[in-house]
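Contents: one structure, followed by commentary.
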Amino acid sequence: MTKHVAVLMGGWSAEREVSLSSGTACAKALEEAGYRVTKVDVDRTIGSVLQELKPDVVFNALHGPFGEDGKVQGLLEFLGIPYTHSGVLASALAMDKSRARTIFKAAGIPVAEGRLVDRLEAARRHVLPPPYVIKPNAEGSSFGVFIVPEGREHPPQELYSDEWKFGDEVLVERYVSGRELTCAVMGDVALGVIDIVPEQGFYDFQAKYAAGGSRHILPAEISPFVYQEVQRVALKAHQALGCRGVSRADFRYDERAEGASGLVCLEVNTQPGMTATSLVPEMAAHAGHSFPELVRWMVEDAGCNR
């Protein structure tokens with residue numbers, strides 16, 4: 001019998017539009033792979049919607065708070081519906097950048113010097129010597145990220161705004177110059193390493209999702225030793241957090257440092273983007289997995305108690 005897959009997408013986080021793009025692309029690929037697919041634009045009625053639909057599997061294409069932080073995973077566990085990607089605990093830990101850093105450090109995974117502070121404190125004074133990066137502790141897609149350059153007199157005053165909607169905790173990390181590298185993990189295998197080259201500025205929302213916003217160099221043109229080290233650390237970070245299915249680890253690499261000593265892990269994405277310009281489908285294709293084959297693998301890997 002053909003499996004019925006419900007693709008969860010949309011939601012109400014800042015990443016809603018990205019999720020709709022991911023979900024639409026994944027639903028189309030799942031249909032090509034032979035599944036019966038229902039697209040679900042998620043709202044607060046999602047529990048009753050799923051009880052009525054009774055899908056065999058949920059493909060989680062949500063991004064950001066609720067979809068990526070363990071909450072919808074907990075609901076799916078409660079309903080007993082197998083789902084893709086990571087489980088409750090791994091999702092919650094990965095979404096909380098400060099707690100993920102604590103786990104990374106305990107596992108021997110390199111991270112940049114950093115502090116978790118209230119956004120108003122980060123707006124009042126430099127909590128680290130510039131250059132440094134300010135990012136919301138629990139957001140994705142580079143929303144609310146600021147790079148504070150050397151010589152800047154004041155921190156970003158946008159942090160004071162009443163319209164700030166990315167939470168009151170921000171992570172302040174030393175800025176690591178150099179390359180933006182990323183590596184996906186599929187099950188227990190690290191895929192290829194991409195060197196991301198934004199066309200201008202840094203790898204922000206525009207560079208991530210706009211056509212032509214960045215170039216992806218795959219395989220990354222770095223030394224074989226550093227390339228393998230990125231793969232090793234990506235898999236180690238995936239395992240340290242307890243991730244399942246597909247994840248993607250992001251890195252900065254200062255190639256002026258000796259060997260791989262300039263490599264730091266920024267974060268692990270448990271719900272990486274799956275749009276036309278997304279990185280994971282590109283890395284999977286490089287490893288010989290078409291997009292329909294990738295989403296089929298994810299559906300067949302789905303489960304509860306993840």
Gain on full stretching of the segment that runs from Glu258 to His154 - 0.36 nm per residue minus C-alpha separation: 34.2 nm
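Can you tell me, using C-alpha contacts under 8 Å and at least 6 residues apart, the relative contact order of the stretch 114-174 as a whole percent?
Computed over the stretch 114-174, the figure is 52 percent.
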Calculated [θ] (222 nm, deg cm²/dmol) that DSSP helices of n ≥ 4 give over the chain, each run adding -39,500 (n - 2.57): -9500 deg cm²/dmol
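Under a Cβ-only charge scheme (Lys and Arg +1, Asp and Glu -1), can you give me the dipole magnitude of the stretch 114-174 about the Cα centre, in debye to the nearest 20?
Computed charge dipole of the stretch 114-174: roughly 200 debye.
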May I ask you to order 70-80, 255-265, 181-191 by the average number of other C-beta atoms within 10 Å around their residues, highest value first? 181-191, 70-80, 255-265
Set Lys39/Lys105; Lys3/Lys71; Lys39/Lys71, cut-off 28 Å on Cα-Cα distance; pairs above it are Lys39/Lys105
Using alpha carbons only, how many angstrom separate the centre of the stretch 137-174 from the centre of the stretch 215-242? 27 Å
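What does the charge count near Ala27 come to, summing +1 for each Lys or Arg and -1 for each Asp or Glu among other residues with Cβ under 12 Å from its Cβ?
0
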I'd like to know which of Pro82, Met95, Val230 lies farthest towards the positive end of the charge dipole of the chain, counting +1 on Cβ of Lys and Arg and -1 on Cβ of Asp and Glu. Pro82
Taking the Cα centre as origin and putting +1 on Lys and Arg beta-carbons and -1 on Asp and Glu beta-carbons, what dipole magnitude results for the chain, to the nearest 20 debye? 460 debye
Taking the Cα centre of the stretch 3-68 as origin, work out the dipole magnitude from +1 charges on Lys and Arg Cβ and -1 charges on Asp and Glu Cβ, in debye rounded to 20. 160 debye
May I ask for the net charge around Ile103, where only other residues with Cβ less than 12 Å from the Cβ of Ile103 are counted and Lys, Arg are +1 while Asp, Glu are -1? +3
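Each reported figure results from applying straightforward, stated rules to the coordinates on display, with no laboratory input. Just so it is clear, the model here is predicted, and its values are computed rather than measured. Please note: Cβ atoms are built from the backbone with ideal geometry, for glycine as well, and neighbour counts cover all protein chains shown.
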